[in-house]
Amino acid sequence: MPIEGQSIAVVIPAYQAKGFIPDVIHRVPSYVDWIIVTDDASTDGTAAAVEAITDPRIRLLRHPENRGVGGAMVTGFRAALDMKADLIAKVDADGQMDPQYLAHFARAAIRFPCDYVKANRFGHMEALPAMPGLRLAGNLLLTFLTKFASGCWNVFDPQNGYVMITRKMLKRLDLKRLDRGYFFENSMLIHLNILKARIAEIYLPARYGEEESSMKLSQIIATFPAKLLRGYLYRIYHKYVFRSLSPFAVLALFGAFAMLWGIVWGGIAWWQSYATGIAAPTGTIMLALLPLLLGWSALLQALVLDVQDAGPCLLFNYDDEELQGPEGMSELRYK
């Protein structure tokens, strides 16, 4: 039975998930209309394991070559749009995301209303020790960097892939521009910020079992910094220049050039003083120091404008009454 009249599709990107995906599919609630599994060129029999499940809601899509989790999700998103699903969720095939909470995501999207609802593992401090230490440290660092790059300053745990998006917002996204790898969730936030999407988070406990993440630390270090920088520049151009010439663009451009001038001029003056042993004149020092101070001040003001433009993020706990059923809708909280 649909949640409050809205049809739901669950997209499961699957790679080498033969041992986990049957249990994930069996735990998808009956109110979900479609279960779209994208087998991303697995070689362990993942597709056969899905085909062995007798559930008429399953739609199995197969990639002849591996396209990454983002590529698998784009294929699933397009299928969900073709099926006219009102709400489309992402659930990983490794069993870490409990599908029982999908109704909570749907009610948050419908009642408040939100374009994008995601899980947050960091809301329950007692659950943090269960998260592997290296993964926890990496998530905290990526959280800050993604806030800066995406402009979603009030969104936490950006690497959490348990998400739900409305059909209306998904149709507005340029799916061709979404990252095809593990940067998928981060790139989603960047594009959602450009479109000024209304975002909500639900605190959910994380599940960690015997599964092994295929995301390697070396991959993150090698690829994420450059992708975050490109995403940041893409967002700034499209949000503050192309769509509307905002004071942010003026402050950021002035600040960057002023600081660059101060650094270059100051560096040249310092080198000449070092090479000749003659102290630089006061005027020369001021020509370096003043642009540095003005540039730094302008960049800080631009950052403040970006944070203010982020807008609030609706915040729920998984046991909040307003997400449980038709009654007891309590006062909404923001962060």
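The values are calculated or read from the model by the stated rules, or taken from the named source; none is laboratory data. These numbers come from a predicted model, not from an experiment. Here the Cβ is made from the backbone with ideal geometry for all residues, glycine too, and neighbour counts use every protein chain on show. All accessible areas refer to the heavy atoms of the entire protein, side chains included, with ligands and DNA or RNA removed. Shrake-Rupley method; radii C 1.70, N 1.55, O 1.52, S 1.80 Å.
Would you check if there is a residue in the stretch 214-230 being at pLDDT below 95, open to solvent by 50 Å² or more (accessible area, probe 1.4 Å), of a type in the set (Phe, Trp, Tyr) and out of contact with any strand residue (DSSP E or B) (no Cβ under 9 Å at 6 or more places or on another chain)? Checking the stretch 214-230: not a single residue is at pLDDT below 95, open to solvent by 50 Å² or more (accessible area, probe 1.4 Å), of a type in the set (Phe, Trp, Tyr) and out of contact with any strand residue (DSSP E or B) (no Cβ under 9 Å at 6 or more places or on another chain).
Taken over the stretch 48-71, the residue count meeting the criterion of being surrounded by 18 or more Cβ atoms within 10 Å (Cβ to Cβ) and out of contact with any helix residue (DSSP H, G or I) (no Cβ under 8 Å at 6 or more places or on another chain) is 1. The number of residues in the stretch 291-322 being β-branched (Val, Ile, Thr) and without any contact (Cβ under 8 Å) to a residue 12 or more places away in the chain comes to 1. Taken as a whole, the condition of being touching a Leu at 6+ places or on another chain (Cβ under 9 Å), open to solvent by less than 70 Å² (accessible area, probe 1.4 Å) and at pLDDT 90 or above applies to residue 299.
Figure legend. Inter-residue proximity from the stretch 234-248: first residues under 19 Å from residue 298 (Cα atoms), second residues open to solvent by 40 Å² or more (accessible area, probe 1.4 Å), beta-carbon distance below 7 Å, spacing 6+ or different chains. Indicated pairs: 247/305; 248/305.
Within the stretch 140-163, track down each residue that is open to solvent by less than 20 Å² (accessible area, probe 1.4 Å) and polar (S, T, N, Q). Walk me through how you get there before you give the answer.
Narrowing the stretch 140-163 to residues open to solvent by less than 20 Å² (accessible area, probe 1.4 Å): 142-143, 146, 149-152, 155, 157-158, 160-163.
If the condition is that a residue be open to solvent by less than 20 Å² (accessible area, probe 1.4 Å) and polar (S, T, N, Q), then 143, 146, 150, 160 are the ones that fit.
Can you name the residue in the stretch 100-128 that is at pLDDT below 90 and in contact with a helix residue (DSSP H, G or I) (Cβ under 9 Å, 6 or more places away or on another chain) and is also farthest from residue 194 (Cα to Cα) among such residues? Top of the filtered list is 128. Considering (1) open to solvent by 90 Å² or more (accessible area, probe 1.4 Å); (2) at pLDDT below 90, the lone condition that residue 271 does not fulfil carries the number (2). Restricting the stretch 20-32 to residues that are touching a residue at least 40 places away in the same chain (Cβ under 8 Å) and open to solvent by 50 Å² or more (accessible area, probe 1.4 Å), the residue that is farthest from residue 85 (Cα to Cα) is 20.
Checking the stated criteria, residue 190 turns out not to satisfy the condition of being surrounded by 14 or more Cβ atoms within 10 Å (Cβ to Cβ), among the aliphatic types (A, V, I, L, M), in a helix (DSSP H, G or I) and modelled with pLDDT under 85. Of all residues in the stretch 164-180, those satisfying the criterion of being open to solvent by less than 20 Å² (accessible area, probe 1.4 Å) and of a type outside the set (Val, Ile, Thr) are 164, 169, 170, 173, 175, 178.
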